[in-house]
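Structure first, commentary second.
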Amino acid sequence: MTAQLPPFLEVRQLRHCYSQPDGSRVEALSLDHMSAVGGEAIALVGPSGSGKTTFLHILAALIRPTHGEVLFGGRDIFAPRQAGAHWRAMSVGYIFQDMNLLPDFSAIENLLLAAEISNVSGPAATERANSLLRRLDLWNQRGRRPADLSLGEQQRAAVARAVIHFPSVILADEPTASLDAENAGIVMNILTELCAESRTLLIVATHDEAIKKRFARVLQLQRPRAAENPEPVLPEKAV
Ligand SMILES: Nc1ncnc2c1ncn2[C@@H]1O[C@H](COP(=O)(O)OP(=O)(O)OP(=O)(O)O)[C@@H](O)[C@H]1O
Ligand SMILES: [Mg+2]
């Protein structure tokens, strides 16, 4: 009999509250359970303020949830042996809505810097960067800085940067929000192809119905109750 493998990624009883400087708390995310396997592609949807970005930030260990667990291969990503920053550098590729490319570096330098942070360096990194630049139709633009690339080219460079270290999970926060329909389609095709080939788990937050329809699996977040009717913050009593 073969031993049962733990799920690739599993989330249990996740809650997140942000603390405000005035002492009030914002209920940002509530998700009881979710699990996914490598190679799956999931659309993350929900109304504005339902916690999509918060969820992606937790999965990338950019923030620690106020309650609950995120397990990868049965291990807590925040546990000391697999501390968040290490998890993020080695296993996660993150694509931001506004791309977040480093403005003073060329497209290829952006890729190589990301590779180095994730311990991919030397000829292997250059080879991987070159092959991605060719595949994403950025070869002729590789020496240009982000400001000298079109939005579609910038987003393709952001995709290349996110996958350069062969991550286990790609998290994309509205990756096509600033693109026209044609470029959005190109970016989504590349992203889903690259993830399917390497059995990478892909989670894409989106408001776009056309993007949502591409996914067989949709994870719907609801705004936590308290966030729908936030309690008014009363002024402090004068003493
Ligand atoms: N740093 C923060 N401090 C306080 N509250 C925050 C912070 N970031 C987000 N929030 C609040 O948490 C809730 C969830 O925000 P989040 O950005 O995760 O939602 P979202 O689903 O990504 O929304 P959108 O679709 O508009 O991008 C919202 O009520 C938001 O105002
Ligand atoms: Mg968001």
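The values are calculated or read from the model by the stated rules, or taken from the named source; none is laboratory data. On a predicted model such as this, the values are computed, not experimentally measured, just so you know. Backbone-built Cβ (ideal geometry, glycine too); neighbour counts: all protein chains shown.
A few notes on this one:
- With a requirement of 1 or more residues that are modelled with pLDDT of 90 or more, within 16 Å of ligand 2 (Cβ to nearest atom) and under 19 Å from residue 219 (Cα atoms), the strands (runs of 3 or more DSSP E) lying completely within region 1-93 that satisfy it span 9-19, 25-36, 41-45.
- For region 161-179, a residue qualifies if it is in a loop (DSSP other than H, G, I, E, B), hydrophobic (A, V, I, L, M, F, W, C) and within 16 Å of ligand 1 (Cβ to nearest atom), and exactly one does: 177.
- Residue tally, condition touching a residue at least 40 places away in the same chain (Cβ under 8 Å) and within 17 Å of residue 138 (Cα to Cα), over region 98-111: 8
- Single residue of region 143-160 satisfying the filter (within 30 Å of residue 38 (Cβ to Cβ) and surrounded by fewer than 21 Cβ atoms within 10 Å (Cβ to Cβ)) that is farthest from ligand 1 (Cβ to nearest atom): 153
- Looking across region 157-173 at every residue that is at pLDDT 95 or above and of a type outside the set (A, V, I, L, M, F, W, C), the one that is nearest to residue 96 (Cα to Cα) is identified as 173.
- The set of residues from region 113-144 being among the hydrophobic types (A, V, I, L, M, F, W, C) and either within 27 Å of residue 177 (Cβ to Cβ) or outside any helix (DSSP H, G or I) (or both) comprises 113, 114, 115, 117, 120, 129, 132, 133, 136, 138, 139.
- Counting the residues of region 212-239 that are surrounded by 17 or more Cβ atoms within 10 Å (Cβ to Cβ) and either at pLDDT 95 or above or more than 16 Å from ligand 1 (Cβ to nearest atom) (or both) gives 3.
- Considering region 133-182, the residues that are away from ligand 2 (no atom under 16 Å from the Cβ) and of a type in the set (Asp, Glu) include one that is farthest from the chain's Cα centre (by Cα), namely 148.
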